[in-house]
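Novice: What follows is a single structure, and I will ask about it in a moment.
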Amino acid sequence: MASRIIANLLVAGGTVLFRAATTAYKQAIINASKSGVTAESVKQASKRGRQISLEESQKILGVDSNATWEEIMEKYKKIYDANEKNGSFYLLSKIYRAHERLREEFPDSHVDDHEEPRQEKQ
């Protein structure tokens, strides 16, 4: 009997939270459209907030500010491969994001270079 009451309370509470969230989302859309905010500008703002700095990228990969693209790729592949075996997803993500940020500084970097290095299975 007690478990049925708890289950009903959980369902009712979940329903209330879901309705509140959808109402808040609808109101946020209305407020954004009134202020002239577009979906594209929100995406760009969120992307800028998550991007790591150039200096942090250089520290993560262990390269200096005047490193060539080949040196960056060499360090990236070495560090990525080492952490792919024994590292965490967090470290792999930081390494990849650092590589991604440095790639923005080299507009003529090769298209194939941005892929994660894959080790061949033997």
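Since every read-out is calculated from the coordinates, none of them should be taken as a lab result. Please read these numbers as outputs of a predicted model, since none were measured by experiment. Neighbour counts run over all protein chains shown; Cβ positions are idealised from the backbone, glycine included.
Novice: Around D64, under 12 Å between beta carbons, what's the net of Lys plus Arg minus Asp minus Glu among the other residues?
Specialist: Spelling it out: positives minus negatives among the neighbours equals 0.
Novice: Could you work out how far apart the two model spin labels at E84 and T68 are, taking each label as a point 7 Å from the Cα in the direction of the beta carbon, and quote it in nm?
Specialist: 2.4
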